[in-house]
Structures are given as C-alpha cells and as structure tokens.
1. Restricted to region 216-252, and to residues that are over 21 Å from the mean Cα position of the chain (by Cα) and of a type in the set (A, V, I, L, M), which residue is nearest to K286 (Cα to Cα)?
2. Only one residue in T129, T114 is among the hydroxyl-bearing types (S, T, Y), assigned to a strand (DSSP E or B) and within 21 Å of E66 (Cβ to Cβ). Which one?
3. When you scan region 183-202, do you find a residue that is without any contact (Cβ under 8 Å) to a residue 40 or more places away in the chain and either more than 16 Å from ligand 2 (Cβ to nearest atom) or within 21 Å of I90 (Cβ to Cβ) (or both), even just one?
4. If a residue has to be within 16 Å of ligand 1 (Cβ to nearest atom) and buried (at least 20 other Cβ atoms within 10 Å of the Cβ) to count, how many in region 139-172 make the cut?
5. Can you tell me which of (1) in a strand (DSSP E or B); (2) in contact with a Leu (Cβ under 9 Å, 6 or more places away or on another chain) is the one E336 doesn't meet?
6. Need the failing condition index for P284 against (1) free of Cβ contacts under 8 Å to residues at least 24 places away in the same chain; (2) closer than 25 Å to V194 by Cβ; (3) surrounded by 16 or more Cβ atoms within 10 Å (Cβ to Cβ), just the number.
7. Got a number for residues in region 197-208 being in a strand (DSSP E or B) and surrounded by fewer than 18 Cβ atoms within 10 Å (Cβ to Cβ)?
Amino acid sequence: MVGLNVLKNLALVSLGIAIVCLGGCTERPTKEQLEVWRKEASDRNNQILAEQGQNNQQSAWNLVIEGETATAKPVTLNWQQIKDLATDNIDTVDANNITTPSKVFKFTGIQVITLLKKFGNLKGITEITFICFDAYQVTVKIEDLLNYPIILAVAKDGQPIAREQGGPIYLVFPYTRHPQIRKEYNEGMWAFYVTHIIIGTEKPKVRVGKREFNLNDLDQLPQVTLTNNVGYRAWWPSGKVKVHGVRVRDVLSLAGVELTPTASVYVRGKPTVYHKISDAINLPAKLIKDCDILLGTRWGDDKQPILAKMGGPITLAFSDNCQAKTKQLKWVTFVEELTIQP
Ligand SMILES: Nc1nc2c(c(=O)[nH]1)N[C@H]1C(S)=C(S)[C@@H](COP(=O)(O)O)O[C@H]1N2
Ligand SMILES: [Mo]
C-alpha cells in the first residue's frame, strides 16, 4: 500500500513534467532544463524513500488523543506508553484477511473506551473519529464503544502487526463474538495505521505564523460558498455539496502575510501524510491569487459545522474556477496551520 503510494507520487512527478508542456509550452525544454527536472524528480524520490524508512519505525509511532472535551492539551502517547496500556485481548476473524476469512486471531491492544475514559471527557459526546497516517478516517459511535470491546490492536497472535496488515495500530471490531456489528461497521471501518483519536469535533482554529485565528476571527472575513464534489473520502453526502468558508488569500492578509511571486503556502492538516514532502499540499502564490481556495468552516444550505467525521472543523476546498490547476491536489482534512515557504 505504502509502496504503491510511492509509485503514484513518482508517477505524478513525471506526469507533472509532461502536463506543464502539453498546452502551455511553445518551445521544447532544453537539455539543461530536462536535466534539472530529472534531478529534481530523483532528489524527491530519495527524500520519499528516506521518509518511508522513518515511518515504518514502529518504535517512533505516537497516538494523539484530542477533541472537543479532551483534557486541555492533546495527549500524545509514545510507543512504550501505548504498549504498556495494551492489555486487552479479543479473538476475532480479521475483516481484511481475504485468503482465510474464517480464521480467528488473537488481537492484543487497548480498548478504545478505556483510553477515552482515562484521557478524555465524554460528556455530551456521541462520536469518536480515528485518523490514520494516510489521511483515511473512520467514525464510531460512543454507544458502540461502550457496548462492544472495540480495540486499537498493536499485536496479532502475539506479533507486531505488519504495515500491510494495518499496523502498527489497527482498529479491530469483535466480529466473531458480536457478528451483528458487521452491519454498521464493515471491513472499511477497520482503520489501518491509526495516529489520532478525535473526541467529538474540535473547535475551529488555524495558525498562520505566530497568529492563531478562531471561528469568530474567520467570520469577519468575506464569506465564500462553493458547490462541488468533496475531494476526499469521508462521511459527506455524495454529489455536489455546498462548502462555506474563507479564502486562503484573505486569511493570509489577516495575518499580515504578503506572498512574493515565488512563495508558496503549505497547508498542514492533522494526518501525518500531509507533513511528508511527498504528499504535502503546497499552493503556489499564483494559485492562491487566481483561484478561490477555501478554508471551509461550514457546509450545506443551513451552514452546519463541518464535523470531525467529515474532516472538520476546517477543511481545505478548491473551487471549480481553477479546476484544471487544482485537479491534482487533494482537499486537506483537519486543517491546523498555513506555513509560508518564501
Ligand atoms: N488507513 C487506512 N485504513 C483503511 C483503508 C485505507 O485506505 N487506509 N481502507 C479501508 C477499506 S475501504 C478496506 S475495504 C480495508 C482494506 O483496504 P485495502 O483493500 O485498501 O487494503 O481497509 C480499510 N482501512
Ligand atoms: Mo473498502
């Protein structure tokens, strides 16, 4: 899976080169230019491979617990702390084991409800969202976490869980003992490489340099609505939806940032993948100037908050007015910060 991502990214790098010249180039690139591009692609490739190496280190894995009612600061558990808490066992089939679907494994991990009670406050909360390394996310009802031993597993039959089997932290549902939960939680809910647990939905907040803006601050800026298909897989209704929010351009002005023509803005969301150079969403100054790129804060006709199960409270959204230029870019979930690259 990770290997495939690398290939996809590499493919995009070379595609990028091709696309640049399809419509726009009047002259063919020089040999020197081609060599520069080749070197850029190769450097980037090496960087991606180095990062993959780091990410595969189970001992470097953290689990963050935060949200609406989490303790004042997010809790970050390191691998040792996670292992010390992993004392719950459940015997179940593995929904993603296609070759031997009825084989029962012993999964060892931490019951989610135990973690939540220890590090959070569940008052008024109905849902918990799990964010994965690759920006995949799933949401589970508190009620079900209370009724069934749903665990974050770190071992399978006594062995660490391999990355391609969902490790190092894999969300496991007790299918064998409670087959009825299959209906609500299918194999797609078995989240691989979990990195964050979000209790309810956080309050909207975005940092730009030393400034931090809350929803009230963002609401002072011109409000924009776009109607579009959502650029990622999560709970959203299918088809076109309204996303309301503010332009990245206006948020930068509010922070007093003036972009030079060669600058770009890196949109940092919670999922780890957006912190990796290979998948980081980096918006060139020209794109920010020419296109409506939004920090979405509400959605739908009645301007509902964007819940965690939808990647909220703040999500990056591209308007159709720049479709050709932004088609390759992913919407970013759980946006927390804009950083400027001069
Ligand atoms: N982190 C992460 N977990 C995930 C997914 C994913 O893309 N990322 N896909 C889900 C889905 S839809 C299924 S069917 C199973 C198996 O996904 P795979 O076929 O992409 O391996 O994992 C689930 N868990
Ligand atoms: Mo799936």
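The values are calculated or read from the model by the stated rules, or taken from the named source; none is laboratory data. If you're wondering where the values come from, they're calculated on a predicted model, not measured in any experiment. All Cβ positions, glycine included, derive from the backbone under ideal geometry; neighbour counts span all protein chains shown.
1. L252
2. On the way: T114 fails: assigned to a strand (DSSP E or B).
Residue meeting the stated conditions: T129.
3. Yes, because at least one residue in region 183-202 is without any contact (Cβ under 8 Å) to a residue 40 or more places away in the chain and either more than 16 Å from ligand 2 (Cβ to nearest atom) or within 21 Å of I90 (Cβ to Cβ) (or both).
4. Counting residues in region 139-172 that are within 16 Å of ligand 1 (Cβ to nearest atom) and buried (at least 20 other Cβ atoms within 10 Å of the Cβ) gives 15.
5. Of everything listed in (1) in a strand (DSSP E or B); (2) in contact with a Leu (Cβ under 9 Å, 6 or more places away or on another chain), E336 misses just condition (2).
6. If we test P284 against (1) free of Cβ contacts under 8 Å to residues at least 24 places away in the same chain; (2) closer than 25 Å to V194 by Cβ; (3) surrounded by 16 or more Cβ atoms within 10 Å (Cβ to Cβ), just (2) comes out false.
7. Of the residues in region 197-208, the ones in a strand (DSSP E or B) are 197-199, 205-208.
The next check asks that each one be surrounded by fewer than 18 Cβ atoms within 10 Å (Cβ to Cβ); those that pass are 205, 207.
Matching residues across region 197-208 total 2.
A quick yes/no check of all residues on (1) at pLDDT below 95; (2) closer than 20 Å to T129 by Cβ; (3) outside the structural domain of N62 (by TED's automatic domain parsing):
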| residue | (1), (2), (3) |
| --- | --- |
| Y148 | no, yes, no |
| I151 | no, yes, no |
| D157 | no, no, no |
| P179 | no, no, no |
| R182 | no, no, no |
| F192 | no, yes, no |
| E212 | no, no, yes |
